[in-house]
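Trainee: Before we start, here is the structure in question, set down as structure tokens.
The values are calculated or read from the model by the stated rules, or taken from the named source; none is laboratory data. As the structure is a prediction and not an experimental result, all values here were calculated from the model. All Cβ positions, even for glycine, are placed from backbone atoms using ideal geometry, and neighbour counts span all protein chains on display. Surface areas here come from the heavy atoms of the whole protein model, side chains and all, with no ligands, DNA or RNA. Shrake-Rupley method; radii C 1.70, N 1.55, O 1.52, S 1.80 Å.
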Amino acid sequence: MEIRTKSSVAQIQAPTYGNLVTVLSIDGGGIRGIIPATIIAFLESQLQELDGEDARLADYFDVISGTSTGGLVTAMLTAPDQNNRPLFAAKDIKPFYMDHCPKIFPQYRGFCGTILAKVVRSLGGPKYDGKYLHGVVREKLGDIRLHETLTNVVIPTFDIKSLQPTIFSSYQLKMNPCLDAKLSDICISTSAAPTYLPAHNFINQDSKGNVHEFNLIDGGVCANNPTLVAINQVTKQIINENSDFFPIKPLEYDRFLIISIGTGTAKNEEKFNAKMAAKWGLLDWLTHRGCTPLIDVFTQSSADMEDFHLSTLTQALHSEDNYLRIQDDTLTGIDSSVDISTKENLEKLCQIGEKLLKKPVSRVNLDNGLFEPLQNGETYEDALRRFAKILSQERRLREMRSPHTKKAL
């Protein structure tokens, strides 16, 4: 296969010139974002082996979607630098987490510090003030707005005032220009997990002077796994006959290539059970043994339901080989925490991500809902290599067919 040192055009050409619609989705999960950061770094390295060191994930995916910590990763992968190339390579995400998570989630030390933390949580107010997170996000992303991303992005949030999801989607900007917010505000909003970080209020104004006020919290409230949200946004474009998606049909799901990456979850027998929960009051549901059961329950259940739906759909359409869900459901103890940002735990999460790549691909059993290894022996590394080849071929096909590429040449 011919090796390219640099693509002839900077941005991915529309799906209408190819065979597939390509989707990358990243779950929420706080510091556990290190796990998908490890996965995407490997995927990007495989694309670089095929197409040269300048290859970036934004060059291959029609839409990148992320919730909470996944929303931050999405913005980092798609925000442009001064040369109109991605601000961050995938390999830069993990060092970013290692450097900044201990300051975003400062740890209380000693017995007195632990008591103080519990008192503060009991009295009300988020566990962390969010000031460092807000500062570093604004520093890295500056004034870059949603319309400037190098490929389409979909980042869910939830408006606590209207009690409705607010989806920051590149596809919706024409119909709703007020969604063209700064990426920094979007990232702060989708990361504002209840009890952990403060809700985010900001005002945005479109080019016609229309003003909209946002009152937002973590997108994990509605879609901790944002894969279906991304597919929904694409499907709307197909229904509305967007020429970028011709001649794909609304229910032609076998034309989708989907990589959905989780941030890990505790193994089945860990954490909680009904006998424990039967005795809990409000404070127990909000904080129990260093965890937040209520948050864990709704984020993990929404993520699993999305995977269950997509697994059912792709198997029914005999297109399961085009859908890859990467998730580790064997985390134990503090590994499953979203905010214990000690050096030891962050390094352990890096190791978990590396080990996950070596594990056999698993798929949800539609009868019992459990993740089970496939019988073909394919590992996640193998699967990502296979997907990288498909993504590279799809990109080349589009560049060959696209009149925009020919003009660039």
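Trainee: Could you tell me whether residue 236 is open to solvent by 70 Å² or more (accessible area, probe 1.4 Å) and not polar (S, T, N, Q)?
Mentor: On the way: open to solvent by 70 Å² or more (accessible area, probe 1.4 Å): yes; not polar (S, T, N, Q): yes.
So residue 236 passes the test.
Trainee: Looking only at residues in segment 239-268 that are more than 13 Å from the chain's Cα centre (by Cα) and polar (S, T, N, Q), which one is surrounded by the fewest Cβ atoms within 10 Å (Cβ to Cβ)? Step through it out loud before you land on a result.
Mentor: So the first thing to find is which residues in segment 239-268 are more than 13 Å from the chain's Cα centre (by Cα), and the list is 239-257, 265-268.
From what's left, polar (S, T, N, Q): 240, 242-243, 265, 268.
Numbers: 240: 11, 242: 16, 243: 8, 265: 23, 268: 10.
Here the residue is 243.
Trainee: A follow-up question, please. Which of the following residues is modelled with pLDDT of 80 or more, open to solvent by less than 70 Å² (accessible area, probe 1.4 Å) and not basic (Lys, Arg): 321, 296, 284, 328? Break it down into steps so the answer makes sense when it comes.
Mentor: On the way: 321 fails: open to solvent by less than 70 Å² (accessible area, probe 1.4 Å); 296 fails: modelled with pLDDT of 80 or more; 284 fails: modelled with pLDDT of 80 or more.
Result: 328 is the single residue among 321, 296, 284, 328 that is modelled with pLDDT of 80 or more, open to solvent by less than 70 Å² (accessible area, probe 1.4 Å) and not basic (Lys, Arg).
Trainee: In segment 244-255, which residues are more than 13 Å from residue 171 (Cα to Cα) and out of contact with any Leu (no Cβ under 7 Å at 6 or more places or on another chain)?
Mentor: Step one: list which residues in segment 244-255 are more than 13 Å from residue 171 (Cα to Cα), which gives 246-255.
Across segment 244-255, the qualifying residues are 246, 247, 248, 249, 250, 251, 252.
Trainee: Further question: Which numbered condition in (1) of a type in the set (D, E, K, R); (2) touching a residue at least 24 places away in the same chain (Cβ under 8 Å); (3) exposed (fewer than 14 other Cβ atoms within 10 Å of the Cβ) is the only one that residue 358 fails?
Mentor: (2)
Trainee: Moving on. Quick one: is residue 70 crowded, with 24+ Cβ neighbours inside 10 Å, under 20 Å from the mean Cα position of the chain (by Cα) and assigned to a loop (DSSP other than H, G, I, E, B)?
Mentor: Values: crowded, with 24+ Cβ neighbours inside 10 Å: yes; under 20 Å from the mean Cα position of the chain (by Cα): yes; assigned to a loop (DSSP other than H, G, I, E, B): no.
When the stated conditions are applied, residue 70 does not pass them.
Trainee: Filter segment 367-386 for residues that are within 14 Å of residue 307 (Cα to Cα) and open to solvent by less than 60 Å² (accessible area, probe 1.4 Å); which is modelled with the lowest pLDDT? Before the answer, list the steps.
Mentor: Kept after step one, since they are within 14 Å of residue 307 (Cα to Cα), are these residues of segment 367-386: 367-372.
Restricting the remaining residues to those that are open to solvent by less than 60 Å² (accessible area, probe 1.4 Å) gives 369, 371.
Numbers: 369: 75, 371: 81.
It comes out as 369.
Trainee: Here is a follow-up. Considering each of 24, 47 in turn, give the residue that is part of a helix (DSSP H, G or I), aliphatic (A, V, I, L, M) and buried (at least 18 other Cβ atoms within 10 Å of the Cβ). Explain how you work it out, then say what you get.
Mentor: On the way: 24 fails: part of a helix (DSSP H, G or I).
The conditions single out 47.
Listed here are the residues, each with its yes/no results for (1) within 25 Å of residue 256 (Cα to Cα); (2) surrounded by fewer than 24 Cβ atoms within 10 Å (Cβ to Cβ).
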{"site": "188", "(1), (2)": "no, no"}
{"site": "193", "(1), (2)": "no, no"}
{"site": "198", "(1), (2)": "no, yes"}
{"site": "203", "(1), (2)": "no, yes"}
{"site": "210", "(1), (2)": "no, yes"}
{"site": "215", "(1), (2)": "no, yes"}
{"site": "220", "(1), (2)": "yes, no"}
{"site": "224", "(1), (2)": "yes, no"}
{"site": "228", "(1), (2)": "yes, yes"}
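Trainee: Can I ask one more? From the list 144, 155, 93, 115, which one is modelled with pLDDT of 95 or more and over 30 Å from residue 207 (Cα atoms)?
Mentor: Working: 144 fails: over 30 Å from residue 207 (Cα atoms); 155 fails: over 30 Å from residue 207 (Cα atoms); 115 fails: modelled with pLDDT of 95 or more.
Only one candidate passes the filter, namely 93.
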